[in-house]
Amino acid sequence: MATVGPGCREIRVRLEGDAYRVLYVATIGDAVFVLHCFQKKTRQTPKSDIDLAKQRYRLAIESIRAKEQP
């Protein structure tokens with residue numbers, strides 16, 4: 001999911017005909033940040049889900065940078 005940010009990955013889960021997604025990033029600092037989880041109802045990922053993941057990606061980066069500053 002490069003549209004969310006560098007290093008963002010997607011886990012796809014299919015369960016009894018339903019589709020779920022987990023967007024996460026593990027390349028920022030020493031933690032895994034789960035950015036967003038949702039049920040897919042269409043083939044294309046809704047813009048609102050991508051925008052929410054982007055916002056949380058930025059917050060994760062800001063959080064790491066704040067911890068690095070003395």
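Summary of values
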item: Residue match in the range 46-69 (condition: open to solvent by 40 Å² or more (accessible area, probe 1.4 Å), farther than 16 Å from Ala2 by Cβ, touching a residue at least 24 places away in the same chain (Cβ under 8 Å) and of a type outside the set (A, V, I, L, M)); result: yes
item: Filter pass, Asp51 being modelled with pLDDT under 95 and out of contact with any Pro (no Cβ under 6 Å at 6 or more places or on another chain); result: no
item: Of all residues in the range 29-45 being in contact (Cβ under 8 Å) with a residue 24 or more places away in the chain and buried (at least 17 other Cβ atoms within 10 Å of the Cβ), the one that is farthest from the chain's Cα centre (by Cα); result: Thr45
item: Filtered residues of the range 1-22 (kept if in contact with a strand residue (DSSP E or B) (Cβ under 9 Å, 6 or more places away or on another chain) and over 16 Å from Arg43 (Cα atoms)); result: Ala2, Val4, Gly5, Pro6, Gly7, Cys8, Arg9
item: Any hit, the range 13-28, residues being over 14 Å from Met1 (Cα atoms), open to solvent by less than 60 Å² (accessible area, probe 1.4 Å) and in contact with a helix residue (DSSP H, G or I) (Cβ under 8 Å, 6 or more places away or on another chain); result: yes
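The values are calculated or read from the model by the stated rules, or taken from the named source; none is laboratory data. Being a predicted model, the structure only gives us computed values, none of them experimental. Cβ sites come from the backbone with ideal geometry, for glycine too, and all protein chains shown count toward neighbours. Just so you know, the surface numbers come from the protein's heavy atoms only, side chains and all, with ligands and any DNA or RNA stripped out. Shrake-Rupley method; radii C 1.70, N 1.55, O 1.52, S 1.80 Å.
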